[in-house]
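Engineer: Here it is, the structure in full.
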Amino acid sequence: MILLTDELRDRLLANGRRREVDHVPVVKFFNPVGAGTWLITEMEPDGDTLFGLADLGFGCPELGSCSLSEFTSISLPFGLGIERDILFEGLFPLSAYAEAARLAGSIVESERLLRAAAASLRNRQ
């Protein structure tokens, strides 16, 4: 599977040029035989360094950078690799996903939980 289409790459690069914005995730990667999930919002000009929310299945998702080339080089059982969720559509800013993940201990896509996390963030401001 192609992890990034040209359109997705262009959106990630554009977001990377505007770091001060709390971007909505553009793409979701996942490990089809494990617990790893990544919500990616930005790409550096090097075309490899990505930024987003990572959940490796240890109960403590975190914001940070990861490498597209590392994703493409991973060889999993049954000839599988890291995959892109082609049905994923980010609905909230990354901060809401991060807050909901902090509360739940893993990345969640429940709209109810994400709305509550987004409201909690607004109330703190």
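Engineer: Quick one: what are the phi-derived ³J(HN,Hα) couplings along segment 28-36, Karplus 6.51/-1.76/1.60 with θ = phi - 60°, whole Hz, x for glycine and proline?
Structural biologist: Whole-Hz 3J(HN,Hα) from phi for segment 28-36: 10, 9, 8, 8, x, 10, x, 9, x.
Engineer: Need the full-extension length gain, residue 124 to residue 20, defined as separation in residues times 0.36 nm minus the C-alpha distance. One decimal, nm.
Structural biologist: Roughly 35.6 nm would be gained on extension.
Engineer: Further question on the same structure: Between residue 82 and residues 5 or more places away or on another chain, which pairs have amide H atoms under 5 Å apart, with H built 1.01 Å from N, and which residues are they?
Structural biologist: 74
Engineer: Let me ask you something else. With runs of 4+ DSSP H residues as the only contributors, calculate the mean residue ellipticity of the chain at 222 nm using -39,500 (n - 2.57) per run, divided by the residue total and rounded to the nearest 500.
Structural biologist: That comes out to -10000 deg cm²/dmol.
Engineer: Rank by packing, highest mean first: peptides 54-67, 28-41, with packing defined as the count of other Cβ atoms within 10 Å averaged across residues.
Structural biologist: Ranked from most to least packed, the peptides come out as 28-41, 54-67.
Engineer: In terms of modelled amide H atoms, which long-range or inter-chain residues lie less than 5 Å from the amide H of residue 27?
Structural biologist: 40
Engineer: Need one word for segment 1-70: rounded, prolate or oblate. Basis is the Cα gyration tensor (sqrt eigenvalues a ≥ b ≥ c); a/c below 1.5 gives rounded, then a/b vs b/c decides.
Structural biologist: oblate
Engineer: Counting only protein heavy atoms and using a 1.4 Å probe, what share of the accessible area of the chain belongs to carbon plus sulfur, as a whole percent?
Structural biologist: 52 percent
Engineer: I've got another one for you. Give me the 1.4 Å probe accessible area per residue for the chain, excluding ligands and nucleic acids, in Å².
Structural biologist: 58 Å²
Engineer: Taking the dipole about the Cα centre of the chain, with the C-beta of Lys and Arg at +1 and of Asp and Glu at -1, give me whichever of 52, 78, 29 is farthest to the positive side.
Structural biologist: So the residue furthest toward the plus end is 52.
Engineer: Here is a follow-up. State whether segment 62-125 is rounded, prolate or oblate according to the following rule on the C-alpha gyration tensor (a ≥ b ≥ c being the square roots of its eigenvalues): a/c under 1.5 gives rounded; otherwise a/b larger than b/c gives prolate, and the remaining case gives oblate.
Structural biologist: Since a/c reaches 1.5 and a/b is larger than b/c, the shape of segment 62-125 is classed as prolate.
Engineer: Determine the dipole magnitude for segment 46-125: charges of +1 sit on the beta-carbon of Lys and Arg, -1 on that of Asp and Glu, nothing else is charged, the reference point is the Cα centre, and the result goes in debye to the nearest 20.
Structural biologist: Rounded to the nearest 20 debye, it is 480 debye.
Engineer: Here is a further query. Shape call for the chain from the C-alpha gyration tensor, a ≥ b ≥ c root eigenvalues: rounded (a/c under 1.5), prolate (a/b greater than b/c) or oblate?
Structural biologist: Taking the square roots of the gyration eigenvalues as a ≥ b ≥ c, the chain is oblate.
The values are calculated or read from the model by the stated rules, or taken from the named source; none is laboratory data. As the structure is a prediction and not an experimental result, all values here were calculated from the model. With ideal geometry, Cβ positions are generated from the backbone for all residues, glycine too; neighbour counts draw on all protein chains shown. Note: areas computed on protein heavy atoms with side chains; ligands, DNA, RNA excluded. Shrake-Rupley method; radii C 1.70, N 1.55, O 1.52, S 1.80 Å.
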